[in-house]
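Visitor: Can you read through this structure? Questions will come right after.
Values in this text are rule-based calculations from the coordinates and carry no lab data. Since the structure is predicted, the reported quantities are computational estimates derived from the model, not experimental observations. Neighbour counts are summed over all protein chains in view; Cβ atoms, including those assigned to glycine, are modelled from backbone coordinates with ideal geometry.
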Amino acid sequence: MKNQKVALITGANRGIGFETAKQLGEQGITVILTARTLVVATESAEKLKQQGIDAYGIQLDVTKAEERVTAAKYIEEKFGKLDILINNAGIGPKDWSMFEKTVSGTTLEEFEYVFNTNLFSLVAVTNELLPLIKKSAAGRIVNLSSILGSLTIHSTKDSPIASMKTLSYNASKAALNMYTNHLALELEGTGIKVNSAHPGWVKTELGTDAAQMEIPDGAKTSVQLALIGEDGPNGKFIHLGEELPW
Ligand SMILES: NC(=O)c1ccc[n+]([C@@H]2O[C@H](COP(=O)([O-])OP(=O)(O)OC[C@H]3O[C@@H](n4cnc5c(N)ncnc54)[C@H](OP(=O)(O)O)[C@@H]3O)[C@@H](O)[C@H]2O)c1
């Protein structure tokens with residue numbers, strides 16, 4: 001059991017998170033699927049168990065401190081360590097159409113809403129689980145970012161994301177990228193690698209049906225970064241093996 005790799009995926013009940021858990025499970029990794037309610041988490045894990053995957057479901061609303069503590073205790077007691085953390089849970093703006101009007105019209109309330117999940121809770125989940133990741137022989141942390149968080153690409157005239165000035169969401173992912181950079185540097189030499197993943201534009205509830213990529217392909221970047229070896233990237237922003245500019 002000690003050598004068995006254990007991964008925790010936040011927001012694993014649907015979309016890219018569920019598929020990431022499935023693909024990691026298919027690689028023989030024990031997967032802990034987390035969701036906002038125990039019922040939903042258990043149902044999601046059950047679907048993978050039926051495919052022969054070693055899967056567990058636990059409740060974790062990433063914004064709730066007591067649930068973060070309980071999740072860490074569960075892993076400590078059951079596995080004694082965590083090898084892979086996929087910080088996948090994320091939300092879009094309350095109202096995407098607001099950005100067709102103005103960037104300067106983005107309210108503080110909107111910033112707080114998006115940042116609370118996409119940055120503050122992600123940092124808090126990571127801090128809570130870091131002592132367990134430090135017990136892994138080769139910890140991997142994957143932060144689900146987005147190309148929309150790239151300052152360089154937004155600054156490039158006529159870029160493919162030129163019209164997507166969804167400020168609160170984009171800024172939350174840019175800030176998350178900074179977190180990836182700083183945490184990776186702090187953890188250098190510990191064996192832990194921390195990277196930001198851009199999954200692509202993926203057909204999920206968040207990505208909508210207009211997206212280009214199917215969910216199995218959308219999970220590939222997270223899975224690849226979870227499985228990188230000692231010579232793999234650290235503190236980078238990656239999409240399907242290619243480095244993106246910050
Ligand atoms: N789809 C894309 O095109 C795309 C592109 C770039 C980046 N991303 C990023 O990829 C990640 C996954 O996105 P997705 O497309 O799979 O989105 P999705 O289908 O909307 O799924 C989002 C997941 O996050 C969970 N979640 C949200 N807030 C949560 C909270 N407070 N606590 C726990 N779970 C929470 C949701 O749970 P509930 O079911 O309970 O709401 C759901 O499981 C996100 O971080 C997103 O920003 C997606």
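Visitor: Compute the distance from the alpha-carbon center of the stretch 68-111 to that of the stretch 119-148, in whole Å.
Guide: 12 Å
Visitor: Order these by the 10 Å Cβ neighbour count, fewest first: Val142, Val62.
Guide: Val62, Val142
Visitor: For His154 and Asp95 in the same chain, what is the full-extension length gain: residue separation times 0.36 nm, less their Cα-Cα distance, in nm?
Guide: Taking His154 through Asp95 to full extension adds about 19.2 nm, to one decimal.
Visitor: Rounded to the nearest 5, what % of DSSP beta bridges with both residues in the chain are antiparallel?
Guide: 10 percent
Visitor: Could you give the length gained on full extension between Glu205 and Thr63, defined as 0.36 nm per residue of separation minus the Cα-Cα distance, in nm?
Guide: 49.1 nm
Visitor: Mind listing the Cα extents of the stretch 61-189 along all three principal axes, in Å, largest one first?
Guide: Computed over the stretch 61-189, the largest-to-smallest principal extents equal 50, 31, 18 Å.
Visitor: Would you list Leu108, Leu130 from fewest to most Cβ contacts within 10 Å?
Guide: Lowest count first: Leu108, Leu130.
Visitor: Just flag the GluC sites (Glu not before Pro) in the stretch 131-212 sitting in loop per DSSP whose Cβ has no more than 16 other Cβ atoms within 10 Å. Present the calculation step by step, with values, prior to reporting the outcome.
Guide: Working: sites: Glu186, Glu188, Glu205; in loops: Glu188, Glu205.
Passing sites in the stretch 131-212 are Glu188, Glu205.
Visitor: While we're on this one: Could you calculate the contour length gain from Lys134 to Tyr113, that is, 0.36 nm times the residue separation minus the distance between their Cα atoms, to one decimal place in nm?
Guide: Length gained between Lys134 and Tyr113: 4.5 nm.
Visitor: Which residue fluctuates the most in the chain, going by a Gaussian network model with Cα springs under 10 Å, if the choices are Asn13, Asn177, Asn127?
Guide: Asn127
Visitor: Over 35 Å, how big is the tail of the calculated P(r) for the chain, in percent of all Cα pairs?
Guide: Here the tail beyond 35 Å accounts for 10 percent of pairs.
Visitor: Can you show me the helix-derived [θ] at 222 nm for the chain, built from DSSP H runs with n ≥ 4 at -39,500 (n - 2.57) apiece and divided by the number of residues, rounded to the nearest 500. All intermediate terms of the calculation are to be shown ahead of the outcome.
Guide: Numbers: 10 runs with 97 residues, N = 246.
Computed mean residue ellipticity for the chain: -11500 deg cm²/dmol.
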